[in-house]
Amino acid sequence: MSDKYDVVVVGSGPGGYVAAIRCAQLGLTTACVEQWEDAKDKAVLGGTCLNVGCIPSKALLDSSHKYIEAKEHFDVHGISTGKVAMDVKQMQARKDKIVMQLTGGIAGLFKANGVTSIRGHGKVLAGKKVEVTAADGKSSILDADNIIIAAGSQVINIPPAPVDNETIVDSTGALEFNAVPKRLGVIGAGVIGLELGSVWSRLGAEVVVLEALEDFLPAMDVQIAKETKKILTKQGLDIRLGCRVTGTEVTGAKKKSVKVSFSSGDEDSTETFDKLIVAVGRKPNSENLLSADCGVNMDERGFIFVDDYCATEAPGVFAIGDVVRGPMLAHKASEEGVMVAERIVGKKTAMNYDCIPNVIYTHPEVASVGKTEQELKAAGEDFKVGVFPFVASGRALAANDSDGMVKLIADSNTDRILGCHIVGPSAADLVQQIVIAMEFGSSSEDIALTVFGHPTLSEAVHEAALAANGHAIHIQNKRPRKK
Ligand code: FAD
Ligand code: AMP
């Protein structure tokens, strides 16, 4: 006998749990299958984001930011603290408590909404069935009218740097150090490498980031990426571009270290570290997920093929989040979950993939939405740019936090906002104002004519919009570009 549901969701990360809750809110009988269990055999909900991703990394970023503020930046305010010390175990315990609180919260939300939580590995079979295999090997079959695959992603390992979870770790291991390494190597100057490198650098590690590409954050706006690199370098991150890691050797018995070999142009070099973080990206969790005859297909890298509405090639089977195309971001996964749930009940919900914010939670934060200047140039678009540096913001100066800038880009002909790129204090929250503006199809003049509270960091967004039109008040305007 098999259990029957309107919807079976596979995976309980931000894609899956949000989809499951929205389905239940819409009156659909819903089950969510999750395979993750902790060392004590307890079911773990929340996926990468809550357990080993967004949330624990932000907890450590916030603790380490407070530490460095107290240690290095309180004196300008006239505050003396004596010796500032970090209890790494306490910092980790705080992080673990936040993770527990949030993952427990999902279990509560499932209960409150009537979502059935099922433990085990889910495999999608033909005929809209899901086979669930429990940890003890026993399996059962769920029948569904609709299936939502939200299996997420896992870290990529590279042969030159095999993770041993002691000296060479992945992003999960880098969230668990119980002491600050003296010398820390990071492979990959992507979002995760920069965030985790920043945590341990602030706490005193000497951090070297080895990045194979010649360009820093190539998907970001070039001007913002350049400024970000300058700021992070000033903070002490030793970012080495064009350095491809080719091998590692772990030595030592009690106190281990790792010698990392890398090539840079024609030159081969080595560096020795106490710990090495491998942060070279993530890949979809699509192994043993689909039966050969289930009608769902994936590309050679394991991403499930879906259309703009996350429908797979099998009717009634959807896939969302990190396991499908698009940026690997929690909010993208969640919004896809909502869209699919609503489409299942016949609503015409769609997602605007041109309006997904992207954030790096270094300090200052780096945040962007929409097109970059280099993308628009390459497409031959006619656009105007307004830039406002935080050093001209009264609020940023008052907060002793004035590194960075806001850059707003609008269409020269229609004035419609095409993108916004920020490195600076609270960039993640500031860029959201432009995400909303872009959703409403705003022009830069709409922002320019909006009243902003004073003194706020948001005024920098206002001034960037004014600057795009040559009207900025608190900086000298560039002469309008000649056409
Ligand atoms: P996941 O969160 O990966 O969840 C998938 C779930 O499915 C897992 O629980 C897994 O156990 C389960 N599962 C997989 N296969 C099966 C199966 N066959 N049967 C049953 N269960 C299965 N994103 C942001 O937007 N902001 C951030 O600040 C951010 N920080 C990050 C920091 C780090 C260190 C990392 C690693 C990632 C970060 N991300 C961040 C990315 C974010 O975590 C992911 O984009 C997001 O978790 C994807 O959600 P998802 O639901 O698609 O998948
Ligand atoms: P992201 O995918 O944004 O997390 O970034 C991962 C980064 O790791 C990319 O910028 C890759 O260029 C980089 N990378 C991948 N393999 C290597 C390697 N062997 N040595 C150095 N950097 C690498």
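The values are calculated or read from the model by the stated rules, or taken from the named source; none is laboratory data. Quick caveat, the model's predicted, so the values are computed rather than measured. Don't worry about glycine lacking a Cβ; one is built from the backbone with ideal geometry, like all the others, and counts go over all protein chains shown.
Return a yes/no flag: does region 36-43 have any residue that is within 13 Å of ligand 1 (Cβ to nearest atom) and in a loop (DSSP other than H, G, I, E, B). Yes, that holds for at least one residue.
Looking at (1) closer than 23 Å to ALA107 by Cα; (2) within 16 Å of ligand 2 (Cβ to nearest atom), which one does ILE149 not meet, given that it meets all the others? Of (1) closer than 23 Å to ALA107 by Cα; (2) within 16 Å of ligand 2 (Cβ to nearest atom), only one is false for ILE149: (2).
Listed here are the residues, each with its yes/no results for (1) away from ligand 2 (no atom under 16 Å from the Cβ); (2) over 24 Å from LEU175 (Cβ atoms); (3) assigned to a strand (DSSP E or B).
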{"position": "SER198", "(1), (2), (3)": "no, no, no"}
{"position": "ASP215", "(1), (2), (3)": "no, yes, no"}
{"position": "VAL250", "(1), (2), (3)": "yes, no, yes"}
{"position": "SER269", "(1), (2), (3)": "no, yes, yes"}
{"position": "GLU287", "(1), (2), (3)": "yes, no, no"}
{"position": "ALA292", "(1), (2), (3)": "yes, yes, no"}
{"position": "VAL296", "(1), (2), (3)": "yes, yes, no"}
{"position": "GLU300", "(1), (2), (3)": "yes, yes, no"}
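Apart from one condition, LEU329 fits all of (1) within 12 Å of ligand 1 (Cβ to nearest atom); (2) touching a residue at least 60 places away in the same chain (Cβ under 8 Å); the exception is (2).
Quick one: which of GLY346, GLY380, GLY404, GLY453 is at pLDDT 95 or above, under 30 Å from CYS23 (Cα atoms), out of contact with any Leu (no Cβ under 8 Å at 6 or more places or on another chain) and of a type in the set (Gly, Ala, Ser)? Break it down into steps so the answer makes sense when it comes.
Numbers: GLY380 fails: under 30 Å from CYS23 (Cα atoms); GLY404 fails: under 30 Å from CYS23 (Cα atoms); GLY453 fails: under 30 Å from CYS23 (Cα atoms).
None of the other options fit; the residue is GLY346.
Is region 408-417 home to any residue that is closer than 22 Å to TYR361 by Cβ, within 26 Å of the chain's Cα centre (by Cα) and either touching a residue at least 40 places away in the same chain (Cβ under 8 Å) or in a loop (DSSP other than H, G, I, E, B) (or both)? Write out each step before concluding.
Of the residues in region 408-417, the ones closer than 22 Å to TYR361 by Cβ are 408.
After this cut, where a residue has to be within 26 Å of the chain's Cα centre (by Cα) as well, the list is 408.
With either touching a residue at least 40 places away in the same chain (Cβ under 8 Å) or in a loop (DSSP other than H, G, I, E, B) (or both) added as a condition, the list becomes 408.
Within region 408-417, one or more residues are closer than 22 Å to TYR361 by Cβ, within 26 Å of the chain's Cα centre (by Cα) and either touching a residue at least 40 places away in the same chain (Cβ under 8 Å) or in a loop (DSSP other than H, G, I, E, B) (or both).
From the list GLY204, GLY185, GLY173, GLY236, the lone residue that is within 19 Å of the chain's Cα centre (by Cα), small (Gly, Ala, Ser) and either crowded, with 22+ Cβ neighbours inside 10 Å or not assigned by TED's automatic domain parsing to the domain that holds GLU287 (or both) is GLY173.
Suppose we filter LYS71, LYS95, LYS111 for residues that are more than 20 Å from TYR361 (Cβ to Cβ) and not small (Gly, Ala, Ser); which single one remains? Talk me through it step by step, then tell me what you get.
Working: LYS71 fails: more than 20 Å from TYR361 (Cβ to Cβ); LYS95 fails: more than 20 Å from TYR361 (Cβ to Cβ).
Every option except LYS111 fails the conditions.
Each row is one residue, and each column tells you yes or no for (1) buried (at least 16 other Cβ atoms within 10 Å of the Cβ); (2) closer than 16 Å to GLY108 by Cα.
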residue: ALA24; (1), (2): yes, yes
residue: THR30; (1), (2): yes, yes
residue: LYS40; (1), (2): no, no
residue: LEU45; (1), (2): yes, yes
residue: HIS73; (1), (2): no, no
residue: ALA85; (1), (2): no, no
residue: GLN92; (1), (2): yes, no
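Scanning region 35-48 turns up one or more residues that are within 16 Å of ligand 2 (Cβ to nearest atom) and among the hydroxyl-bearing types (Ser, Thr, Tyr). Are there any pairs, at least 6 apart or on different chains, whose C-beta atoms fall under 7 Å, with the first in region 11-28 and away from ligand 2 (no atom under 16 Å from the Cβ) and at pLDDT 95 or above and the second among the hydroxyl-bearing types (Ser, Thr, Tyr) and in a helix (DSSP H, G or I), and if so, which? Close Cβ pairs satisfying both conditions: GLY13/THR48; PRO14/SER334; GLY15/SER334; VAL18/SER334.
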